[in-house]
Amino acid sequence: MHQEFETHFRKLFGSDYQLFVDAIGEKPVVSVRFNSHKQASGRLFDQGKAVPWNDRAFWLPERPAFYADPLHHAGAYYVQEASSMFFARALQFDKALLALDLCAAPGGKSTLLLNLLSHDSLLISNELDMNRNKVLVENINRWGNYNVAVTNGHSRAFLPFKNQFDLVLVDAPCSGEGMFRKDKTSLEQWSPNFVASCAAIQQPLLHDAAELVAPGGKLVYSTCTFEFDENEGQLLKLLDNKDFEPVDIEIEDSWGIEKRYVAARGKRFPVYYFLLHKVQGEGQFVAVLQKADEEALPKNMKKGKTFSSVAKADREVVQRFIDLPPSIELVEVNHSLHAIPAAYSGFLAELKNHVPLWKLGTKIGEVSGKNFKPSHELALSQLAANFKVSFEVDYAQAIDYLKRQPLPVQEGYQKGWGLVKYRNVALGWAKNIGSRLNNYLPHDLMLRKNVNTLSGL
């Protein structure tokens, strides 16, 4: 460690400095969180210790080759750092919520929310960086929800929706000190100037986010840094001007989470630190605030005119292929049909006028006359869970499918479209033409790495 680093972090950690440095040199731990909407047959992993603040997450004894697991491609689980799951303990999901994940890529916190939000809720998952947004869309598609939209906008683009969101999550860009063990690049790029530049970015971002929270709604602010200026310092600037209430999160001493307090307006706001040398996981800072429940405003669900109506005949074609509940509205965008929650159709149409939409609900597919071509999004979605025709495959065939190879027809396979399933979880569409199963996995999702199908994952 160079002198500037040592001076800075000795001041930050005091007598724990050497414990912090030693923790940086340790092997990173790996944790996964299962998708409650996709139940694979059999045991997924040699599971280690359960993550105590999330009942569907486990640490693994070692990191497997996730790319070689078809269930990873199918969205049966998400490889997520355990510390970043903690925030959800402060939230209630017993009613419909309009939620915004403002800095969402690569999608860990968004997919966590999608497992907890009710079907009559809506999540807007936003990412400003276009390259990271592509990864976000792919991960959201794998997760399989239709009550979600992915956007690509600056926080200020959402300001027409002030006081509208029941939940706003800001996982802010930061100096990344909590990732020193896992990502050596973050260690190499660290400097006091970098900390200052991150703090400057966070201030307007958090201010905009606070404007978006509905009265009585909650604001989650998190980083993966240990810096006061990026953490408590940002909250103090916010709390001096905004009327928020403290939200306490129950923790246990054995978890190793450090609870501190920020004093503002005569109140004590709890904040939570995941320090590398104290927790099983990477570094994280979490604070949850609740906006004062005053002047409750109705949601802006104004009916927009952006979406083209879907012809009754086209919906009937889709309904013959897959059953859609009445709570879903079909809309047409760029000649493709999308399933969205009907209750939020107006809101999404209005949102599209302000922020670019990269994903709208679940892309169902395309209708041409009486013919229907389903999309890959539909194959991975909850909407296709009860599709009657499926082609169950073994591990080697699943890998062949992910490499976009045609599959052999087996006894009992029905003609036409079907879901290729591995351990009862859908990988995508295939079409039985009699002599083979034609593979409809999108080219950009094709598995290009070599996989030993004899040993499996």
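How much length is gained if the chain between His207 and Arg132 is pulled fully straight, taking 0.36 nm per residue apart and subtracting their Cα-Cα distance, in nm to one decimal?
24.7 nm
Determine the share of the stretch 1-143's accessible area contributed by carbon and sulfur atoms, expressed in whole percent, with a 1.4 angstrom probe. Kindly include the intermediate steps, with their values, before the conclusion.
Values: 3090 of 6080 Å².
Of the solvent-accessible surface of the stretch 1-143, carbon and sulfur hold 51 percent.
If you roll a 1.4 angstrom probe over the protein chains with everything in place, what fraction of the accessible area of the stretch 344-383 belongs to carbon and sulfur, to the nearest %?
40 percent
Share of the stretch 222-273's accessible area from carbon and sulfur, percent, 1.4 Å?
45 percent
Using the Karplus equation 6.51 cos²θ - 1.76 cosθ + 1.60 (θ = phi - 60°), what ³J(HN,Hα) coupling, rounded to whole Hz, does each residue of the stretch 60-73 give in order, writing x for Gly and Pro?
Taking θ as phi minus 60°, the curve returns 9, x, 7, 8, x, 7, 4, 4, 8, 9, x, 5, 5, 5 Hz for the stretch 60-73.
Taking N as the number of residues in the stretch 168-285, what value does Rg over Cα atoms divided by 2.2 N^0.38 Å take? Present the calculation step by step, with values, prior to reporting the outcome.
Values: Rg = 14.5 Å, N = 118, 2.2 N^0.38 = 13.5 Å.
The value comes to 1.07.
If r is the Cβ-Cβ distance from Gln280 to Asn386 and R0 is 35 Å, what FRET efficiency results, to the nearest 0.05?
0.35
Computed over the Cα atoms of the stretch 351-457, what is the convex hull's projected area averaged over all directions, in nm²?
So the mean shadow area of the Cα hull is 9.1 nm².
How far, in nm, would the chain grow between Leu324 and Ala50 when pulled straight, counting 0.36 nm per residue and subtracting the alpha carbon separation?
Full extension from Leu324 to Ala50 adds 95.0 nm.
Once you put a point 7 Å from the Cα of Ala292 and another 7 Å from the Cα of Val79, both along the Cβ direction, what distance in nm separates them?
Computed distance between label sites Ala292 and Val79 equals 4.7 nm.
Would you kindly work out the equivalent ellipsoid of the stretch 1-142 from its C-alpha gyration tensor and give its semi-axes, the square roots of five times the eigenvalues, largest first in whole Å?
Taking √(5λ) for each eigenvalue gives 30, 21, 16 Å, largest first.
Calculate log10 I(q)/I(0) of the chain for q = 0.06, 0.09, 0.11, 0.14 Å⁻¹, where I(q) comes from the Debye formula with a single equal point scatterer on each Cα and nothing for solvent.
-0.28, -0.63, -0.93, -1.36
Computed FRET efficiency, Cβ-Cβ of Asp16 and Gln405, R0 45 Å: what is it to the nearest 0.05?
0.25
What full-extension length gain, to one decimal in nm, is calculated for His119 and Arg268 as 0.36 nm per residue of separation minus the Cα-Cα distance?
Answer, rounded to one decimal: 50.2 nm.
For the stretch 318-359, what size does the Cα cloud have along each of its three principal axes, sorted from largest down, in whole Å?
35, 22, 11
Under the rule a/c < 1.5 gives rounded, and otherwise a/b versus b/c splits prolate from oblate, where does the stretch 239-398 land using the Cα gyration tensor?
It comes out oblate by the Cα gyration axes.
Do any of Lys38/Lys403; Lys218/Lys267; Lys27/Lys278; Lys27/Lys182; Lys38/Lys359 go past 19 Å between their Cα atoms, and which?
Long pairs (Cα-Cα over 19 Å): Lys38/Lys403; Lys38/Lys359.
Calculate, for the chain, the solvent-accessible area per residue in square angstrom, rolling a 1.4 angstrom probe over the heavy atoms of the protein chains.
That works out to 44 Å² per residue.
What's the whole-number percent of alpha carbon pairs in the stretch 97-256 lying beyond 23 angstrom? Kindly include the intermediate steps, with their values, before the conclusion.
Values: 5306 of 12720 pairs.
Result for the distance tail: 42 percent.
So what's the back-of-envelope 222 nm ellipticity for the chain, counting only DSSP H runs of four-plus at -39500 (n - 2.57) apiece and dividing by all residues, rounded to 500?
Helix contribution divided over all residues of the chain: -7000 deg cm²/dmol.
The values are calculated or read from the model by the stated rules, or taken from the named source; none is laboratory data. The model shown is predicted, which means the values in this text are computed figures rather than measured ones. Cβ coordinates were reconstructed from backbone atoms using ideal geometry, including for glycine residues, and neighbour counts include every protein chain displayed. Each accessible area value is taken on the protein alone, full model and side chains, heavy atoms only, with ligands, DNA and RNA left out. Shrake-Rupley method; radii C 1.70, N 1.55, O 1.52, S 1.80 Å.
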